[in-house]
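Worksheet for the structure shown next.
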Amino acid sequence: MAVITNLPTDLLRTFVSVVELGGHSKAGALLGRSQPAISLQIRRLEELVRAPLLTQEGRSIQPTPAGESLLSFAREILRINDEAVRFFHRTDMSGVLRIGLPTDYAVSFLQNTLTAFLRQHPEVELEIHCDLSRELHQLLRTEELDIIIATMPVPRMPYLSRAWIEQPIWVAAKDYEPVAKRPVPLGAHLEGCDYRSRMIGALDSIERRWRIVYTGPGISGLQNAVLNGLCVTALTQATLLPGMRELTEEEGFPRLEPLRVGLFYKHPKLFPSGLQLVSDMVASLESVGSDLRIVPN
């Protein structure tokens, strides 16, 4: 019979805290332990997984490849552990949660989750901030946001909980007819938007001319510009509205590169209400798994 190794949650919590807070002393201050005690817990965890987990790079501590792999498991184990504790204990669910959502597409399935969460926990206040994904990542790093949904320029990023693939599609008003000799009238979000760069890259790849005729920070303004026949743009199936149609490769609109999108948060910094919202978001993602391709962290 194989011997089963158990990974204690206190060791995993220490490991996640060291990585996400950026050092042993900060993790110790949060967890109420001395720096030597934190170091001892990390060594104990390394013994259990039989691999080095952290490495010193200059003045910063970074996870090793093995540490990166364990981090994904550790965050999920802690999330489920803390959800179980909240189920059996009376937990204060008050406070303010600052949520970051991208401007380049509407996360409709998560908007429903946010609404349901507020109904169940009216004592929690949500503040929603919409911005470009690169700005949301920065605001999470500086702890000006608690939870974000954002696109991912690389497969592995700090604070990642779940990742999935979104497929952008070309859309226009139903009566739009492309004219081959004219530049494509594009509607886009501001410079730095992932959808904007994908549209331009796709058209440039087939040497088709284009011009930006509409820019704006919000999804509704872009959708209205498309419905009014002002422009074509890239959306997802979730943001395709009645009165729009998908444009095809036969019409001169090459397939757009997919986007990797992630749910991010700093586990040691979240209050119980934030951890509950993360669990609700994860459940929402899993419930629409047939429409989104969930990818491993």
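Throughout, read-outs are computed from the coordinates displayed, never taken from laboratory work. Keep in mind the model is a prediction, meaning the values are calculated, not measured. Cβ atoms come from the backbone with ideal geometry, glycine included; neighbour counts cover every protein chain shown.
About the centre of its Cα atoms, segment 140-272 shows a dipole size close to 200 debye [charges on the beta carbon of Lys, Arg (+1) and Asp, Glu (-1) only; nearest 20 debye].
Beta bridges per DSSP, both residues in the chain: antiparallel share near 60 percent. The convex hull built on the alpha-carbon positions of segment 155-297 has an orientation-averaged projected area of 10.0 nm². Note: segment 9-86, Cα convex hull, 83 Å³ per residue. The packing ranking, built from the mean of other Cβ atoms within 10 Å per residue, places the peptides 13-21, 210-218, 56-64 in the order 13-21, 210-218, 56-64, highest first. Here, segment 129-195 yields an orientationally averaged convex hull projection of 6.6 nm² when only Cα atoms define the hull. Measuring nothing but alpha carbons in the chain and taking Rh as the Kirkwood radius, the Rg to Rh ratio lands at 1.04. Note on segment 34-76: Cα-only Rg and Dmax are 10.6, 29 Å. In terms of packing, defined here as the mean over residues of other Cβ atoms within 10 angstrom, the peptides 161-172, 34-45 line up highest first as 161-172, 34-45.
Rounded to the nearest whole Å³, what is the per residue volume of the convex hull around the Cα atoms of segment 169-251?
That works out to 87 Å³ per residue.
Rounded to the nearest 500, the 222 nm mean residue ellipticity of the chain from helices alone is -13000 deg cm²/dmol, with -39,500 (n - 2.57) taken per DSSP H run of at least 4 residues. Put simply, segment 60-214 fits an ellipsoid with semi-axes of 38, 21, 14 Å; these come from the alpha carbon gyration tensor as the roots of five times its eigenvalues, largest first. Each of Thr142, Leu263, Asn112 was placed along the dipole of the chain (beta-carbon charges, centred on the mean Cα), and the one lying farthest toward the positive end is Thr142. To the nearest ten degrees, helix 108-120 and the longest principal axis of the Cα atoms of the chain are 50 degrees apart. For the chain, the longest principal axis of the Cα atoms and the long axis of helix 65-88 meet at an angle of about 80 degrees.
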